[in-house]
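Below is one structure, written out as structure tokens; the observations come after it.
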Amino acid sequence: MTKSFKVLSVGNSFSSDGMEYLYQISENLGAENIILGNLYIAGCSLEKHWHCAENYISGYIYYKNNNGIWKETPDFKSLDAIREEKWDFITLQQGSGPSGKPETYEPYLSNLIEYVKNNTTNPELKLVWLNTWAYQADGTHTAFPDYNNDQMTMYDTILNALRSEVMTKEDISIIIPAGIAIQYARKDFGDVLTRDGYHLSIPLGRYIAALTWAAALTGLDYTKITYIPEDFVGKNLPLVIKAVRKAFEIKL
């Protein structure tokens, strides 16, 4: 169980979706001394994250939250964020478009893992992988044709890439199964958990993802959650908890 924790995401808009309610949820569950950071470039892939790191490029918007309110700083470098705090967790992820393409992961993932390990100020740091979600079935994202515009094809290929390219890395010790939770939730809520076909709906889709993040990172009992964001329909909470539980039950 982790009560006090600091989390940095080397991410994009999908980490923004998943972290939006993470502070409030984690605090509600009993976490303390919460600090969240999100290094954001729209649609950023592993390849681009590595390019920015390798060349010390200040291409990120850096979002930080240590009191429940997100503040942003433009033109930030990943190295500076990694060294800024003694992070307990640093999350990595693939861009949504190439997420189901195993050939796009290397050498960038391995390079980023070594980069983070060599620059962290916390020898006890845990590296985390964010499992992202498939697009809505009628989505119009430009990468969707790569999956024959088929949600289940995209979902299955993301899981296959997770197994072959991520879970084989000994340095990655935690998986946040947000994409699995969203897919399970679609069975109960319908295919309405994105606001544009790929970014999560507000508040429901984001809430499901954030509760999955909290469950994976804090080890606290997420079924005890009482915090709900504005405009969330309270009667949906048991179905959200069910989706998160199912995500952790699946054998990867």
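Residue check: Lys86 meets all listed conditions (1) touching a strand residue (DSSP E or B) at 6+ places or on another chain (Cβ under 9 Å); (2) part of a helix (DSSP H, G or I) but one, namely (2). The residues on offer are Gly59, Gly37, Gly30, Gly97, and the sole one that is among the small types (Gly, Ala, Ser), on the phi > 0 side of the Ramachandran plot and either free of Cβ contacts under 8 Å to residues at least 60 places away in the same chain or surrounded by fewer than 16 Cβ atoms within 10 Å (Cβ to Cβ) (or both) is Gly30. Of the strands (runs of 3 or more DSSP E) lying entirely inside the range 1-78, those containing at least 3 residues that are under 13 Å from the mean Cα position of the chain (by Cα) span 4-11, 32-40.
Scanning the range 158-173 for residues that are of a type outside the set (Lys, Arg), surrounded by fewer than 18 Cβ atoms within 10 Å (Cβ to Cβ) and either without any contact (Cβ under 8 Å) to a residue 24 or more places away in the chain or assigned to a helix (DSSP H, G or I) (or both) turns up Asn160, Ser164, Thr168, Glu170. For the range 76-92, the condition holds for no residue, the condition being that it is surrounded by fewer than 16 Cβ atoms within 10 Å (Cβ to Cβ) and closer than 25 Å to Pro177 by Cβ. Scanning the range 123-139 for residues that are free of Cβ contacts under 8 Å to residues at least 40 places away in the same chain and under 23 Å from Ala210 (Cβ atoms) gives a single hit, Leu125.
When restricted to residues that are of a type in the set (A, V, I, L, M, F, W, C), in a loop (DSSP other than H, G, I, E, B) and closer than 19 Å to Ser15 by Cα, the range 126-154 contains 3.
Among the residues of the range 40-54, is any touching a strand residue (DSSP E or B) at 6+ places or on another chain (Cβ under 6 Å), over 11 Å from Asn12 (Cβ atoms), touching a residue at least 40 places away in the same chain (Cβ under 8 Å) and surrounded by fewer than 21 Cβ atoms within 10 Å (Cβ to Cβ)? No, every residue in the range 40-54 fails to be touching a strand residue (DSSP E or B) at 6+ places or on another chain (Cβ under 6 Å), over 11 Å from Asn12 (Cβ atoms), touching a residue at least 40 places away in the same chain (Cβ under 8 Å) and surrounded by fewer than 21 Cβ atoms within 10 Å (Cβ to Cβ).
One residue stands out among those in the range 232-252 that are among the charged types (D, E, K, R) and without any contact (Cβ under 8 Å) to a residue 24 or more places away in the chain: the one that is nearest to Ala214 (Cα to Cα), which is Arg245. In this structure, does Glu170 turn out to be acidic (Asp, Glu) and either under 14 Å from Gln93 (Cα atoms) or at pLDDT below 95 (or both)? No, not satisfied.
Pairs are defined by a Cβ separation below 8 Å, a sequence spacing of at least 6 or placement on different chains, a first member in the range 203-221 that is more than 17 Å from Pro238 (Cβ to Cβ) and surrounded by fewer than 24 Cβ atoms within 10 Å (Cβ to Cβ), and a second member that is at pLDDT below 95 and of a type in the set (Lys, Arg); the pairs so defined are Thr218/Lys3; Leu220/Lys3.
The values are calculated or read from the model by the stated rules, or taken from the named source; none is laboratory data. None of the values given here were measured: they were computed from a predicted structure. So basically every Cβ, Gly included, is an ideal-geometry build from the backbone, and we count neighbours across all protein chains shown.
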